[in-house]
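Working notes, beginning with the structure itself.
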Amino acid sequence: MLNSLRFRLWLTYAILVLLVLCVVGTAITLVIYRGNIPLLQAALNLQTLRSNALPRLRSAGDLNPRLLQAVLNRYANQFRGRIVVINARGRVIADTLGEDGTSLPDFGTPPLKTEVGALPEFYQDDEGRSWYYIIDEINQNRWVFFAVSRPQLRIVTIFRDQFLRPLVLAGLVALLVAIILSLLMSRWISAPIRQISQEAMQLAEGQAQPIVPEGPAEVRQLAIAFNDMSQHVQESQQSQKDFVANVSHELKTPLTSIQGFARAIKDGTVQTKTELSQAADVIESEAQRMNRLVQDLLTLAKMDAGTARFEMHPFELNPLIQALIQKFKPLMDTAKIDFQAKPPEEEVRINGDPDQLMQVFDNLLDNAIKFTPSGGKIRLYCQKEAQKIAIHVVDSGEGIPVAEQKRIFERFYQVDKARVRGQGHGYGLGLAICKQILERHGGSISLTSIIGEGSDFVVKLPLYH
Ligand code: ADP
């Protein structure tokens, strides 16, 4: 529960709500505390003092200081303010604080009169007390200074009296909204995630469906990545199944044949020396075929596992091509194929394993012979590019349909299985092995082919400088 997305979302919202309320509450309280409420209160008090006291002071304006002091005291007690009568030069004639009166602001001579309705001025006396004051004229020679000390507002009191209740109420409403929002948000986020995890479980059982990307962008990305992964896993599961089916199928034919001939020898169906020798020949050739298949499968398995041994070192390509020409010339002659092969004209160095690369070209030339009728033509030539050498194996054979051109590099893929098997050749693993070997060399293999005209296999390998 505490770990759930819903609770964590709610907690985040709740913390946010509390934070916002605290900040807003503090800000409003400070604005009021620092702001002009005390000023307005002081203005009101001073205005009352002025309208009450000024007429009386004006009529008693010429009294001697002692009598004037008595008049002042009465008002000051009534309004808790300070009244000071000063002459035109700013000297104090009477002061409600008497002899102990603190300093007055410097209002210059003659003192300025505060307009009715204007806000009071602020000053601090020499004891550090804060006052608001106004000044008015009694007569030509006397001026009166009214002051009230700055009202002391307690910040806690303002907060408690004015804001606590509305803030608590707003907080409760916001928390309720947060609960609803977190429910909606968590459903929006977690529903697609839950679907992904369900499909992941299905995937383990081999039957995941693609997910429709929904929810926030990150979750949609996760769904797209999951769909990709799921497709790869399913393809790989399928190719594993195909692989097992293919291997079993390829082993079944020679095994059945071996079993049949062995039984025939055992039960005496095959008796004569010639028959026995023919049976032994079939058994041997089928066993050889199986051996080749197992060897090819082992090679691929080692490459997949990364344990295939590659003796990489820089070497000259020319001798390798020469060796190929020497090996294949007699075979081409026997097959009545015109073989035109040219080693590279300039020195070409490659970093790689010559034996493995030899296997690649062996396989390509083998195929070329296999699929080129007698009277046909096979060419082997090299073309140097900026950083690579391209080695072409071109035949004038039957060609490969465009739709199959990519697939022939897949394991066990053969364009026309019945025809190829009928000839007693390959398993469709040769090109897959070539591709793996070339990838280990940082190279590639590609093909252009036209039905009825022939195929051009191009091997590209990085040059060694
Ligand atoms: P295989 O052992 O069957 O030759 P490969 O992997 O070498 O296996 O080749 C796969 C398939 O590609 C072949 O069965 C054939 O159908 C096709 N193929 C390969 N090379 C040629 C070529 N030169 N001309 C026509 N088809 C070819």
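The values are calculated or read from the model by the stated rules, or taken from the named source; none is laboratory data. Fair warning: this is a prediction, and the values are worked out from it, not measured in the lab. A quick note on method: Cβ atoms are made from the backbone with ideal geometry, for glycine too, and the neighbour counts reach across all protein chains shown.
Would you please list the contacts, defined by Cβ atoms under 8 Å and residues six or more apart or on different chains, that run from a residue in the range 430-453 that is under 23 Å from H313 (Cα atoms) to a residue that is part of a helix (DSSP H, G or I) and charged (D, E, K, R)?
Cβ pairs passing all conditions: I433/D296; I445/K435.
I'd like to verify a number: residues in the range 191-207 that are closer than 17 Å to R220 by Cα and touching a residue at least 12 places away in the same chain (Cβ under 8 Å), how many? Give the derivation first.
Initial filter on the range 191-207 (closer than 17 Å to R220 by Cα): 191-200.
Then keep just the ones that are touching a residue at least 12 places away in the same chain (Cβ under 8 Å); that gives 191-193, 195-196, 199-200.
Summing the residues that are closer than 17 Å to R220 by Cα and touching a residue at least 12 places away in the same chain (Cβ under 8 Å) in the range 191-207 gives 7.
Within the range 148-159, identify whether any single residue is among the charged types (D, E, K, R) and in contact (Cβ under 8 Å) with a residue 60 or more places away in the chain, and answer yes or no.
Applying the first criterion (among the charged types (D, E, K, R)) to the range 148-159 yields 150, 154.
Filter once more, keeping what is in contact (Cβ under 8 Å) with a residue 60 or more places away in the chain: 150.
Yes, that holds for at least one residue.
Looking only at the range 293-326, count every residue that is aromatic (F, W, Y) and closer than 30 Å to E250 by Cα and tell me the total. Even if it seems obvious, please write down each step before you answer.
First pass over the range 293-326, keeping only residues aromatic (F, W, Y): 310, 315.
This time we only want the ones that are closer than 30 Å to E250 by Cα, so: 310.
Final tally of qualifying residues: 1.
Which residue out of E453, E439, E404, E398 is more than 7 Å from the ligand (Cβ to nearest atom), more than 47 Å from the chain's Cα centre (by Cα) and of a type in the set (D, E, K, R)?
Working: E439 fails: more than 47 Å from the chain's Cα centre (by Cα); E404 fails: more than 47 Å from the chain's Cα centre (by Cα); E398 fails: more than 7 Å from the ligand (Cβ to nearest atom).
Of E453, E439, E404, E398, the one residue that is more than 7 Å from the ligand (Cβ to nearest atom), more than 47 Å from the chain's Cα centre (by Cα) and of a type in the set (D, E, K, R) is E453.
Can you confirm whether N36 is surrounded by fewer than 17 Cβ atoms within 10 Å (Cβ to Cβ), under 26 Å from A170 (Cβ atoms), modelled with pLDDT under 85 and more than 48 Å from the chain's Cα centre (by Cα)? Even if it seems obvious, please write down each step before you answer.
On the way: surrounded by fewer than 17 Cβ atoms within 10 Å (Cβ to Cβ): yes; under 26 Å from A170 (Cβ atoms): yes; modelled with pLDDT under 85: yes; more than 48 Å from the chain's Cα centre (by Cα): yes.
Yes, satisfied.
Looking at L183, L119, L169, L203, can you tell me which residue is over 30 Å from L57 (Cα atoms), hydrophobic (A, V, I, L, M, F, W, C) and touching a Leu at 6+ places or on another chain (Cβ under 9 Å)? Working first, answer last.
Working: L119 fails: over 30 Å from L57 (Cα atoms); L169 fails: touching a Leu at 6+ places or on another chain (Cβ under 9 Å); L203 fails: touching a Leu at 6+ places or on another chain (Cβ under 9 Å).
One residue alone meets the criteria, L183.
Filter the range 332-382 down to the residues that are modelled with pLDDT of 95 or more, touching a His at 6+ places or on another chain (Cβ under 8 Å), under 22 Å from T448 (Cα atoms) and not in a strand (DSSP E or B) and list them by number.
Residue satisfying the conditions is L357 alone.
Out of R419, R411, report the one residue that is part of a helix (DSSP H, G or I), near the ligand (Cβ under 9 Å from one of its atoms) and modelled with pLDDT under 90. Write out each step before concluding.
Values: R411 fails: part of a helix (DSSP H, G or I).
Sole residue among the options that is part of a helix (DSSP H, G or I), near the ligand (Cβ under 9 Å from one of its atoms) and modelled with pLDDT under 90: R419.
Given T157, T109, which one is polar (S, T, N, Q), under 30 Å from L18 (Cα atoms) and modelled with pLDDT under 80? Walk me through how you get there before you give the answer.
Values: T109 fails: under 30 Å from L18 (Cα atoms).
T157 is the lone residue from the list that is polar (S, T, N, Q), under 30 Å from L18 (Cα atoms) and modelled with pLDDT under 80.
Could you list all residues from the range 427-436 that are within 7 Å of the ligand (Cβ to nearest atom) and either at pLDDT 95 or above or under 22 Å from K377 (Cβ atoms) (or both)?
First, the residues of the range 427-436 that are within 7 Å of the ligand (Cβ to nearest atom): 427-432.
Passing the criteria: G430, L431.
Which one is nearest to N3 (Cα to Cα) among residues in the range 208-222 that are touching a residue at least 12 places away in the same chain (Cβ under 8 Å) and in a helix (DSSP H, G or I)?
Within the range 208-222, the subset touching a residue at least 12 places away in the same chain (Cβ under 8 Å) is 208, 210-211, 213-216, 219-220, 222.
Next, only the ones that are in a helix (DSSP H, G or I) stay: 219-220, 222.
Working: V219: 19, R220: 23, L222: 21 Å.
In this case the residue turns out to be V219.
Is it the case that L429 is crowded, with 21+ Cβ neighbours inside 10 Å, closer than 30 Å to A245 by Cα, in contact with a His (Cβ under 9 Å, 6 or more places away or on another chain) and not polar (S, T, N, Q)?
On the way: crowded, with 21+ Cβ neighbours inside 10 Å: yes; closer than 30 Å to A245 by Cα: yes; in contact with a His (Cβ under 9 Å, 6 or more places away or on another chain): no; not polar (S, T, N, Q): yes.
Judged against the criteria, L429 is not a match.
So P319 fits all but one of (1) within 30 Å of E345 (Cβ to Cβ); (2) surrounded by 14 or more Cβ atoms within 10 Å (Cβ to Cβ); what number is the exception?
Single failed check for P319: (2).
Checking the conditions here, which among I211, I196 is in contact with a Pro (Cβ under 9 Å, 6 or more places away or on another chain), surrounded by 16 or more Cβ atoms within 10 Å (Cβ to Cβ) and not charged (D, E, K, R)?
Working: I196 fails: in contact with a Pro (Cβ under 9 Å, 6 or more places away or on another chain).
Criteria check complete, one pass: I211.
Among the numbered conditions (1) surrounded by 15 or more Cβ atoms within 10 Å (Cβ to Cβ); (2) more than 20 Å from S444 (Cβ to Cβ); (3) within 16 Å of the ligand (Cβ to nearest atom), tell me where N367 comes up short.
Only one criterion in (1) surrounded by 15 or more Cβ atoms within 10 Å (Cβ to Cβ); (2) more than 20 Å from S444 (Cβ to Cβ); (3) within 16 Å of the ligand (Cβ to nearest atom) is unmet by N367, namely (2).
Taking the stated definitions as given, is P319 within 30 Å of A386 (Cβ to Cβ), in contact with a helix residue (DSSP H, G or I) (Cβ under 6 Å, 6 or more places away or on another chain) and not hydrophobic (A, V, I, L, M, F, W, C)?
Values: within 30 Å of A386 (Cβ to Cβ): yes; in contact with a helix residue (DSSP H, G or I) (Cβ under 6 Å, 6 or more places away or on another chain): no; not hydrophobic (A, V, I, L, M, F, W, C): yes.
Considered against the rule, which asks whether it is within 30 Å of A386 (Cβ to Cβ), in contact with a helix residue (DSSP H, G or I) (Cβ under 6 Å, 6 or more places away or on another chain) and not hydrophobic (A, V, I, L, M, F, W, C), P319 comes out as no.
If we keep just the residues of the range 253-282 that are at pLDDT 90 or above and within 60 Å of the chain's Cα centre (by Cα), which is nearest to F310 (Cα to Cα)?
Only one residue tops the list, namely L255.
Right, D228: surrounded by fewer than 12 Cβ atoms within 10 Å (Cβ to Cβ), modelled with pLDDT of 85 or more, part of a helix (DSSP H, G or I) and among the acidic types (D, E) or not?
Values: surrounded by fewer than 12 Cβ atoms within 10 Å (Cβ to Cβ): yes; modelled with pLDDT of 85 or more: yes; part of a helix (DSSP H, G or I): yes; among the acidic types (D, E): yes.
Spelling it out, D228 is indeed surrounded by fewer than 12 Cβ atoms within 10 Å (Cβ to Cβ), modelled with pLDDT of 85 or more, part of a helix (DSSP H, G or I) and among the acidic types (D, E).
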